[in-house]
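Undergrad: Structure incoming, see below.
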Amino acid sequence: MQLEESRATASQQKEVTVHAPGTVANLVCGFDVLGLCLNEPSDVMHVKLLDEKKVIIHSKDGYKLPTDPAQNTAGAPLIEMLNELDANFGFEVTIEKNIKPGSGIGSSAASAAGAVVAANHLLNNTFGKEDLVRFAMFGEKVATGVKHADNIAPCIYGGVTLIRSIFPLDIITIPAPDLYVTVVHPQIEVRTSDARQILRKEVQLKDAIKQWGNIAGLVAGLLKNDYDLIGRSLEDVIIEPVRSILIPGFAEVKLKCIAAGALGGGISGSGPSIFMLSTNLQIAKAVEKEMMTFYNSIGIDYNTYVTTINKEGVKVVNYTTASISNINAIAS
Ligand code: HSE
C-alpha cells in the first residue's frame, strides 16, 4: 500500500474519539452468525497516534480489565494491525467503558471494534471494513479464547449482519425494518468463555433442521419486513435450553415480554442480558416494565435499555490535528 502516504496523512489527524456501540449477538437462533448493532449503550474511546511502535492502554472506567495490550481486547487487534503494516508508529488508547464487561451486549467487541475503526481513521482509512473485522477478532480471541464476529461485524458495519463464514470472512449486511430493542441486564456476570464451555458439542439432526429453518426465516423476515415471520423465527432449540439456566427468571421474563407484545427475543449474546424486539416504542416500554417488575420482585439489580438498531456502527465523533514537527517525525 501507500504506507508512507497513510502514515503522513495519519499524522495530520493525531487523535480521534469514537463511540463504539453495544451489540446483540446470535439474535436467538443464529449462534455465532447473526448480530445487530444498538444505539445504546456505547463506549467512548480516544486513540492517539504515537511516533514509536507500541500500544498503550488506559482505562478511565474503573473496570479491572488488563492494560497489557496483548491481553486487552482493544490492544490485541492494534498489535495485529501494526504488525501487518510493519509500522514504525503506534497507538495510545483511552477507554471509557459504558458497556459493562460480561453483560452480553458486546462489551469486548466494542473495545476491539472501536480501537480498529479509530486507528484506521488515523491511518486515513487504509483498511476496509472486512480487514477491520479481521483485526478486531483478535480482541474476541483474547476475551473468550475463540474468534467470532457476531458482535464485531455489526459493531463495525452497523445494522444487522450475517457472518456466513469467518475463515475466510464473508459478512453480509441485512437490511432490517424499524425495530425497537429492549434489553435488561441483570447485574450478574456471565463470562462468555464459561457460557461457551457448557454448550454441547453435538446437536441432533432434528434440532439442526429447526434451527436452520429459523435462521433462514429470520433473515427472510428482516428482508421482507415481515414482523410475524421475524417473531416466529426467534426460537433457539440448541443454545438457549442450555444457557438459560445461567439467567435467573429467563423463561418467565421471556413469557411476560411476549405477552406484553414483543415479537420475541432471548439471550443477548452469551447473557446474562435478555433482549426483546418490538414494533413500536409503546410496546418496547411495556416490555421494559415487565422486565423491571420481574427483577424487582426477585431482588436482583438490573439495567435496562430501550433503544433502536444503530445503522452506522462505530462512529468517529472528533479528531484533532498534529503539529508540523510531529508530521515530519512520523512521516520520515
Ligand atoms: N456468539 C457468541 C456466543 C457471542 O454466544 O458465545 C458472545 O457475545
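None of the figures in this text is laboratory data; all of them are computed from the coordinates on show. Just so we're clear, the structure is a prediction, and the values are computed from it rather than from any experiment. Don't worry about glycine lacking a Cβ; one is built from the backbone with ideal geometry, like all the others, and counts go over all protein chains shown.
Undergrad: Once the Cα atoms of helix 129-144 and of the chain are each reduced to a long axis, what angle between those two axes, in degrees from 0 to 90 to the nearest 10, is obtained?
TA: 70 degrees
Undergrad: Next question, about the same structure. Express in whole angstrom the spacing between the alpha-carbon centres of the range 139-169 and the range 220-276.
TA: The range 139-169 and the range 220-276 have Cα centres separated by 21 Å.
Undergrad: Counting only helical runs of four or more DSSP H residues, what would the 222 nm mean residue ellipticity of the chain come to if each run contributes -39,500 (n - 2.57) and the total is spread over all its residues?
TA: -11500 deg cm²/dmol
Undergrad: Here is a further query. Between the helical axis of 250-259 and the dominant principal axis of the chain, each derived from Cα atoms, what acute angle in degrees is found, rounded to the nearest 10?
TA: Roughly 70 degrees between the two axes.
Undergrad: Could you work out the equivalent-ellipsoid semi-axes for the chain, taking the square root of 5 times each eigenvalue of the Cα gyration tensor, largest first, in whole Å?
TA: Details: eigenvalues 263, 77, 64 Å².
In descending order the semi-axes read 36, 20, 18 Å.
Undergrad: Once you have a ≥ b ≥ c as the square roots of the Cα gyration tensor eigenvalues for the range 95-148, tell me rounded if a/c is under 1.5, and otherwise prolate or oblate according to whether a/b is larger than b/c.
TA: On the way: a/c = 2.89, a/b = 1.50, b/c = 1.93.
Cα axes put the range 95-148 in the oblate bin.
Undergrad: For the range 180-308, what's the relative contact order in percent, using C-alpha pairs closer than 8 Å and at least 6 residues apart?
TA: On the way: 199 pairs, mean separation 52.2, N = 129.
Relative CO of the range 180-308 lands at 40 percent.
Undergrad: With the cut-off at 18 Å, tell me which of the pairs 147/315; 97/289; 64/100; 60/311 have Cα atoms farther apart than that.
TA: Values: 147/315 23 Å; 97/289 26 Å; 64/100 11 Å; 60/311 27 Å.
Correct reply: 147/315; 97/289; 60/311.
Undergrad: Taking the dipole about the Cα centre of the chain, with the C-beta of Lys and Arg at +1 and of Asp and Glu at -1, give me whichever of 268, 22, 167 is farthest to the positive side.
TA: 268
Undergrad: Related question: Sort 86-95, 246-255, 205-214, 114-123 for me by packing, meaning the mean count of neighbouring Cβ atoms within 10 Å per residue, highest on top.
TA: Averaged packing, sorted descending, gives the order 114-123, 86-95, 246-255, 205-214.
Undergrad: Treating the angle as unsigned and between 0 and 90°, give the value, to the nearest 10°, between the Cα long axis of helix 281-297 and the longest Cα principal axis of the chain.
TA: 80 degrees
Undergrad: Per 0.36 nm of contour for each residue apart, how much would the distance between residue 86 and residue 165 grow if the chain were fully extended, relative to their Cα-Cα spacing? Numbers along the way, then the final one.
TA: On the way: separation 79, 0.36 × 79 = 28.44 nm, distance 2.75 nm.
Full-extension gain reported as 25.7 nm.
Undergrad: Could you order peptides 150-158, 295-303, 66-74 by the average number of other Cβ atoms within 10 Å of their residues, highest first?
TA: On the way: 150-158: 30.1, 295-303: 13.1, 66-74: 19.0.
Top of the packing list down: 150-158, 66-74, 295-303.
Undergrad: Can you check what the net charge comes to around residue 26, using other residues whose Cβ is under 13 Å from the Cβ of residue 26 (Lys, Arg +1; Asp, Glu -1)?
TA: Numbers: positive: 196, 243; negative: 32, 150, 235, 236, 240.
Cβ neighbours under 13 Å give a net charge of -3.
Undergrad: With an 8 Å Cα cut-off and a minimum separation of 6 or more residues, compute the relative contact order for the chain in percent. Please report the intermediate quantities before stating the final value.
TA: Working: 802 pairs, mean separation 86.9, N = 332.
Across the chain, relative contact order equals 26 percent.
Undergrad: Take the alpha carbon gyration tensor of the range 180-308, find the square roots of its eigenvalues, order them as a ≥ b ≥ c, and report rounded if a/c is under 1.5; if not, report prolate when a/b exceeds b/c, else oblate. Provide the component values of the computation, followed by the final result.
TA: Details: a/c = 2.14, a/b = 1.10, b/c = 1.95.
Taking the square roots of the gyration eigenvalues as a ≥ b ≥ c, the range 180-308 is oblate.
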